[in-house]
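First the structure, in the form of structure tokens, and then the observations on it.
The values are calculated or read from the model by the stated rules, or taken from the named source; none is laboratory data. Bear in mind the structure is a predicted one, so any value in this text is a computation, not a measurement. With ideal geometry, Cβ positions are generated from the backbone for all residues, glycine too; neighbour counts draw on all protein chains shown. Quick note on the areas: whole protein, heavy atoms, side chains included, nothing else; ligands and nucleic acids left out. Shrake-Rupley method; radii C 1.70, N 1.55, O 1.52, S 1.80 Å.
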Amino acid sequence: SLPDLFIQGEMQEGDVIPLTQAFDYFFNNQGPPTTTDKVANVTALGFSADPIAQVYTAEAGIVFTTGSEPAPVQGWDINLVVITVSLRELSMWVELNSGKIGGGLSGVFALEDGSEDAKPTLLLRAEYPIQDPEEAVGWNFSGFLYPGTSIDLTNVVAKFLGLGVAPASVPHLTVDRLNFAFSTGNQAYALGATISMRWKLAVFDTDLLVSASASADIARDGNADASKPATGRLWGKFAIIHFMTCIRKNH
């Protein structure tokens, strides 16, 4: 781009670069193995350069699929004994501005619990922004559980104990909402979660459907005075058939 010298490029949509071939080309080694049936493919790649302003950026996206083409069901399965985690996508980016560097890494993880359309899915992100020498912000970490998915803690514990999937008669404790953010620079943080439990009780030959949930949100402003505590709220709900009691407490 002239008269300014600005260079930009990106890989054509639909193209893929097998990561093993890229490693082999540059390093004469195919890199770390994934699994026997999954291939790591670079599906997004872009860069920009402004040599006059000394600003350079690059980003890449990687998916783990069967074969050389992206597939609807994808993921590199990592067995953690208690549960199997499937790494669906991996993204990374880097930025160089006047000799100062920043970047980050994010990944999408799915847990084996649940159907294919409703597997508990989390996004985890770590970012290192270009630092201001006078006020460095350090690393920023964040993550959340995808809406519409939940983590069955009862099944996780049952698998840990070698019992397989917990029977329906056992109350199931699930994480329905989870999000967090934390900055190592100013120590600001935020955490939100909702946990619920559902089970069936037989009282006088009558089945009663019982459910209860508790939610909490807590946060602290990193720019606030050190003596100022974090703020948050806590609330819950308990229901038996059509009778419901709500409890709410604010701080």
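Points to keep in mind about this one:
- Neighbourhood charge, 14 Å Cβ-Cβ cut-off, centred on residue 96 and excluding it, Lys, Arg +1 and Asp, Glu -1: -2
- Rounded accessible area per residue of segment 1-59, 1.4 Å, Å²: 76
- Local charge for residue 124 was computed over the other residues whose Cβ lies under 13 Å away, with Lys and Arg +1 and Asp and Glu -1, and equals 0.
- Comparing segment 7-61 with the 2.2 N^0.38 Å rule of thumb, its C-alpha radius of gyration ratio is 1.40 (two decimals).
- Contour minus Cα-Cα distance for residue 30 and residue 81 (0.36 nm per residue): 15.6 nm
- Between residue 44 and 61, the built amide H atoms are under 5 Å apart, and every one of these is 5 or more places off in sequence or on another chain.
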